[in-house]
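The values are calculated or read from the model by the stated rules, or taken from the named source; none is laboratory data. Because the structure is a prediction, the values reported are computed rather than measured. Note: ideal-geometry Cβ built from the backbone for every residue, glycine included; neighbour counts use all protein chains shown.
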Amino acid sequence: MRVLTLPVGRRASIDVPATSANLGPGFDCLGLALDWVDRTYVETLDADRQVVVEIEGEGAGHLPTDERNLIVRSLVTGLDRLGARVDGLRVRVRNTIPQGRGLGSSSAAIVAGLAAAHALVRPDEPFVAADWLPTADRLEGHPDNVAAALFGGLVLAYRSVADGVRAVSTSVHPDIAGLVLVPDRPLATEVARSVLPAQVAHRDAAANSGRAALLVHALTAAPELLFEATADWLHQSYRGPAMPESYRLLTALRKRGLAAVISGAGPSVLVLGRPAELEDARQLARQPAQHEAASGFRAVPVAVGGGVRVSAEAPAQPHDQL
């Protein structure tokens with residue numbers, strides 16, 4: 001097989017949004033892109049440089065800065081798929097998405113790496129999100145976050161018997177905004193998944209199916225139904241002991257009639273609603289002394305975001321290597 005060796009100096013920049021998965025009842029199938037972006041710059045280097053990773057912002061000093069970095073590993077996977085390689089690589093990352101908080105930081109890294117691979121190898125061709133969803137799903141292990149990061153907006157991911165993982169994206173009602181309450185401490189996704197039961201009651205599964213369907217309607221056409229539509233019986237209560245502060249805050253917000261959910265596997269809490277409806281949550285977050293449940297959380301207003309954005313510079317002519 002002929003391998004395309006990319007020339008030195010080829011560059012690309014990738015913007016990937018934060019994402020919130022599950023949204024209450026949409027366990028492992030619904031995802032929402034947020035206007036909260038990590039930016040990645042990549043440049044091909046000569047062989048003497050190998051892999052250079054520079055990280056600013058979230059994760060700096062903690063994330064790997066060599067071949068173990070998730071963006072680099074995903075980029076190499078993308079290059080392999082496209083039949084290409086690089087002698088050396090510089091990756092500069094400006095992270096704003098909190099790590100380990102249920103906001104899709106790992107999905108953002110995976111999508112950034114795959115999109116960078118496409119931009120480096122095929123800079124004159126548009127990046128087609130659907131073409132890369134199966135690879136992103138394989139790397140992440142579940143499709144909801146990566147699908148939202150790829151497509152933007154509200155995404156429903158599913159597995160087709162014939163075609164594997166697929167996703168459909170739709171616009172969110174323009175009146176809907178969000179508020180993310182981010183805790184001081186992270187929680188590993190593996191821990192959050194380990195506490196889930198192997199089986200659930202049929203009535204709970206049926207109730208969740210109804211609310212997940214209602215949630216799609218609420219998010220796209222009927223914001224007044226968001227509180228009812230975000231009720232969940234499959235995962236949030238089971239995860240409560242692993243994130244007691246988040247679950248206490250979730251309970252306090254829902255007692256106020258707010259459409260609050262655990263974001264992804266947690267421990268961040270996402271509140272959805274019209275801007276005026278979110279003011280109560282903001283007030284609670286601003287006064288942790290009066291509202292113990294909000295202690296240790298910072299409030300971040302968000303809107304619905306778009307999908308990954310890819311920009312590539314015009315390359316020099318590549319050469320082939322056997």
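Based on what the data block shows, is Pro123 under 14 Å from the mean Cα position of the chain (by Cα) and either in the same structural domain as Arg73 (by TED's automatic domain parsing) or aromatic (Phe, Trp, Tyr) (or both)?
Taking the combined requirement at face value, the residue does not satisfy it.
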Check your understanding: Could you list, in sequence order, the residues of the stretch 13-27 that are on the phi < 0 side of the Ramachandran plot and either among the acidic types (Asp, Glu) or buried (at least 24 other Cβ atoms within 10 Å of the Cβ) (or both)?
Key -> Ile14, Asp15, Val16, Pro17, Ala18, Thr19, Ser20, Ala21, Pro25, Gly26
**Study point:** the stretch 267-309, residues that are in contact with a Gly (Cβ under 8 Å, 6 or more places away or on another chain) and at pLDDT below 80
**Key:** Pro288
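A quick yes/no check of all residues on (1) in contact with a Ser or Thr (Cβ under 9 Å, 6 or more places away or on another chain); (2) surrounded by 23 or more Cβ atoms within 10 Å (Cβ to Cβ); (3) basic (Lys, Arg); (4) modelled with pLDDT of 95 or more:
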residue: Ala84; (1), (2), (3), (4): yes, no, no, yes
residue: Ile97; (1), (2), (3), (4): yes, yes, no, yes
residue: Arg101; (1), (2), (3), (4): yes, yes, yes, yes
residue: Gly104; (1), (2), (3), (4): yes, yes, no, yes
residue: Ala112; (1), (2), (3), (4): yes, yes, no, yes
residue: Ala115; (1), (2), (3), (4): yes, yes, no, yes
residue: His118; (1), (2), (3), (4): no, yes, no, yes
residue: Pro126; (1), (2), (3), (4): no, no, no, yes
Check your understanding: Residues Ala149, Ala192: which one is assigned by TED's automatic domain parsing to the domain that holds Leu284, touching a helix residue (DSSP H, G or I) at 6+ places or on another chain (Cβ under 7 Å) and not in a loop (DSSP other than H, G, I, E, B)?
Key -> Ala192
Point to revise | Test set (1) touching a residue at least 24 places away in the same chain (Cβ under 8 Å); (2) in contact with a helix residue (DSSP H, G or I) (Cβ under 8 Å, 6 or more places away or on another chain) - Pro223 fails condition number | key: (2)
**Study point:** Test: residue in the stretch 170-183 that is part of a helix (DSSP H, G or I), outside the structural domain of Ala18 (by TED's automatic domain parsing) and more than 19 Å from Ala229 (Cα to Cα)
**Key:** no
Check your understanding: Which one is surrounded by the fewest Cβ atoms within 10 Å (Cβ to Cβ), of the residues in the stretch 128-158 that are closer than 30 Å to Ala221 by Cα and free of Cβ contacts under 8 Å to residues at least 12 places away in the same chain?
Key -> Val128
Check your understanding: Among the residues of the stretch 134-185, which ones are hydroxyl-bearing (Ser, Thr, Tyr) and touching a strand residue (DSSP E or B) at 6+ places or on another chain (Cβ under 9 Å)?
Key -> Tyr158, Ser160, Ser169, Thr170, Ser171
Practice item. Report yes if some residue within the stretch 129-136 is among the hydrophobic types (A, V, I, L, M, F, W, C) and in a loop (DSSP other than H, G, I, E, B); otherwise report no. Key: no
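Table: residues versus (1) in the same structural domain as Gly31 (by TED's automatic domain parsing); (2) in a helix (DSSP H, G or I); (3) not small (Gly, Ala, Ser).
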{"residue": "Arg166", "(1), (2), (3)": "yes, no, yes"}
{"residue": "Leu187", "(1), (2), (3)": "no, no, yes"}
{"residue": "Val200", "(1), (2), (3)": "no, no, yes"}
{"residue": "Arg203", "(1), (2), (3)": "no, yes, yes"}
{"residue": "Asp232", "(1), (2), (3)": "no, no, yes"}
{"residue": "Leu249", "(1), (2), (3)": "no, yes, yes"}
{"residue": "Gly266", "(1), (2), (3)": "no, no, no"}
Review point. Within the stretch 34-52, restricting attention to residues that are crowded, with 20+ Cβ neighbours inside 10 Å and within 16 Å of Leu75 (Cα to Cα), which residue is farthest from the chain's Cα centre (by Cα)?
Key: Thr44
**Study point:** Scan of the stretch 260-276 for residues that are surrounded by 24 or more Cβ atoms within 10 Å (Cβ to Cβ) and touching a Pro at 6+ places or on another chain (Cβ under 9 Å), ordered by number
**Key:** Val261, Gly266, Pro267, Ser268, Val269, Leu272, Gly273
Point to revise | Yes/no for Ser246 being closer than 23 Å to Gly296 by Cα and either surrounded by 13 or more Cβ atoms within 10 Å (Cβ to Cβ) or over 21 Å from the mean Cα position of the chain (by Cα) (or both) | key: yes
